[in-house]
Amino acid sequence: MNTEFNTNSKAIIIGMTDTGERVPAASGRISTQPGTALEILELSKDVEKNASLISKVTRSGHTSTVEHTVFNLAFQNVSVLVEQFVIEFRLASFTVKSRRYVDFAKLGYYTPHFESKNIQDKYIEHMDYLYREYQAFIDAGIPKEDARFLLPYSLYSNFYCTLNARELINMLYAMIYGRGSQYKELKTLGESLLEQARSMTPGIFTDFEGRRPTVQDIPTYSYKPNKELIKQEPAVELLSYTPDASKAVARAALIEGCNLPTAQIEEIINDTNERRAIIEKVINSKRQRPLEAATFTFRINNVSLSCLTHFARHRMHSIGIPQLSLTDRTRHILPETIAVNEDLKNRYCQAFVKTAEIYEELKKLGVDEETLAYVQLSGNTLDIVTTINARELLLFMKLRSCNRAQWEIRDFAVDMLKKLREADETIFKFYGPSCYVHKCPEGPMTCGKAAEIKEFFSKL
């Protein structure tokens, strides 16, 4: 099934480092030429010479030079599928229109142009139905953050992205030639961004095609689950972690902080009280890097597609996200605000049933898996795996176990913390929301329940 790019969807470079390619060119010269940093920058004014040098340097593999040029991108009326793809790039910054606070009922959705008008009409009819249901649930008093689970992955997203040229190159390779190329929308947006970037910084992007990676295939696995063995898994599984994690952290802190022989350090950290005191000092310090000595791998089950974006926004962890085609359309999240109302509950569940049916109907009519991704609902779920160190976990817990965090990821965070305390109580007794670790940063937006929250997490 061929699709045509929706012209409402745009990706535009709205800003760039005002020095353009001068700094990348200067950085290419500084290691081989005499003179100070400012003197070499002053010599790097010739646009054509700069472009030629950058092209030569990057072809030889020294692509770090182009990190000195930074781009600001605006994504307008792109599908949330595009949003999910883009935010997985670690070395980028994002600000996304929140579906917790903004009413999306009239903001629109992405529509592929199908060769068959009959198929396109079926698609549009179902999308319109979902948006009417979303509006009806909001009118019934359901919070936007709960009604949003009815929104399809075609929903329009608008967001800003800031990243350096090296990461932009990586992103464009993935959009045009890699895993994003299977989606016409992503590929077209990538080609548009490449054209813009090439006109603005020819030295960086002129040889783009010639330097593309040769390995871009998405791995597939033939293993199939034994239906007889399938059971309901717990929400969070701690699969593996650093043995004696608290010792690893305390050891790293002492090696970094004092010049003691290893034998003496081992003697100190074998004392539980000493170890706890060291870890507490690390957590309360401005230098928390020793916490990175301990890592933890989780499997997190039944994560809604909507919640997936919250996990992906944390940059300093390794997250494995299945292809959207592996989303389980038989599973969906059910918010308590909807579950307590039998009529709304039935209506909500029916939306997922109808969506699964239209998915299968369109598939039988020849619509490809990539296009069908737009039909999936934000409340459908999949399972993810992530490996995260104790330093990033401290930040994750401060933000995500907070009373003001979105409730789905907060529940996951609390469950993760329970597992972590079972694994190493010495470290994780200090972990929790900001008001538990230090103090509440929310100011007038505080929930006002610091005392009871502290009590809850002290007994978790």
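Taken together, the values in this text are just the output of simple stated rules run on the coordinates, not laboratory data. All values derive from a computational prediction rather than experimental measurement. Counting neighbours? That spans all protein chains shown, and the Cβs are built from the backbone with ideal geometry, glycine included.
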| note | Here D for segment 253-335, in µm²/s, from Stokes-Einstein with a Kirkwood Rh over Cα pairs at 20 °C and 1.002 mPa s, works out to 129 µm²/s
| note | In order over segment 404-416: 3J(HN,Hα) from phi, Karplus 6.51/-1.76/1.60, θ = phi - 60°, whole Hz, x for each Gly or Pro, gives 8, 6, 4, 4, 5, 6, 5, 4, 4, 4, 5, 5, 4
| task | Would you mind working out the magnitude of the charge dipole of the chain relative to its Cα centre, with +1 at each Lys and Arg C-beta and -1 at each Asp and Glu C-beta, to the nearest 20 Debye? | result | 700 debye
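Give 345/449; 281/419; 187/364; 97/459 a once-over and call out the pairs whose C-alpha atoms are over 28 Å from each other. Don't skip to the answer; put the middle values down first.
Details: 345/449 30 Å; 281/419 23 Å; 187/364 25 Å; 97/459 36 Å.
Over 28 Å apart, Cα to Cα: 345/449; 97/459.
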| Cysteines having no other Cys beta carbon under 4.7 Å from their own, within the chain | 161, 258, 307, 349, 402, 447
| said: Limiting things to C-alpha atoms, what are the Rg and the maximum Cα-Cα separation (Dmax) for segment 391-456, in angstroms? | reply: 11.2, 36
| Please state the equivalent ellipsoid semi-axes for segment 288-332: what are the square roots of 5 times the Cα gyration tensor eigenvalues, largest first, in whole Å? | 27, 11, 9
| With the dipole of the chain worked out from charges on the C-beta (+1 for Lys and Arg, -1 for Asp and Glu) around the Cα centre, which of 381, 25, 9 lies farthest toward the positive end? | 25
| said: Per 0.36 nm of contour for each residue apart, how much would the distance between residue 64 and residue 328 grow if the chain were fully extended, relative to their Cα-Cα spacing? | reply: 91.0 nm
| field | Globularity index of segment 10-52, i.e. its alpha-carbon radius of gyration over 2.2 N^0.38 Å | value | 1.35
| said: I'd like the Karplus ³J(HN,Hα) series for segment 234-249: coefficients 6.51, -1.76, 1.60, θ = phi - 60°, whole numbers in Hz, and an x wherever there's a Gly or Pro. | reply: x, 4, 10, 10, 8, 7, 7, 6, 4, x, 6, 4, 5, 5, 4, 5
| message | Using 0.36 nm times the number of residues separating residue 447 and residue 140, minus their current alpha carbon distance, what extension gain do you get? | response | 108.0 nm
| query | Hey, if you put +1 on the Cβ of every Lys and Arg and -1 on every Asp and Glu Cβ in segment 227-354, which of 248, 261, 272 ends up farthest toward the positive end of that dipole? | reply | 248
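Given charges of +1 on the Cβ of Lys and Arg and -1 on the Cβ of Asp and Glu, with all other atoms neutral, how large is the dipole of segment 93-152 about its Cα centre, in debye to the nearest 20?
Value, rounded to 20: 220 debye.
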| note | Computed over the Cα atoms of the chain, the Rg and Dmax in Å are 25.2, 76
| query | So what is the calculated 222 nm ellipticity per residue for the chain, using -39500 (n - 2.57) for each DSSP H run with n of 4 or more, over all residues, to the nearest 500 deg cm²/dmol? | reply | -13500 deg cm²/dmol
| Mean Cα-pair separation over length for the chain, i.e. relative contact order, pairs under 8 Å, 6 or more apart, % | 17 percent
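Tell me the volume per residue, in Å³, of the convex hull enclosing the alpha carbons of segment 331-460.
Once divided by residue count, the hull of segment 331-460 is 156 Å³.
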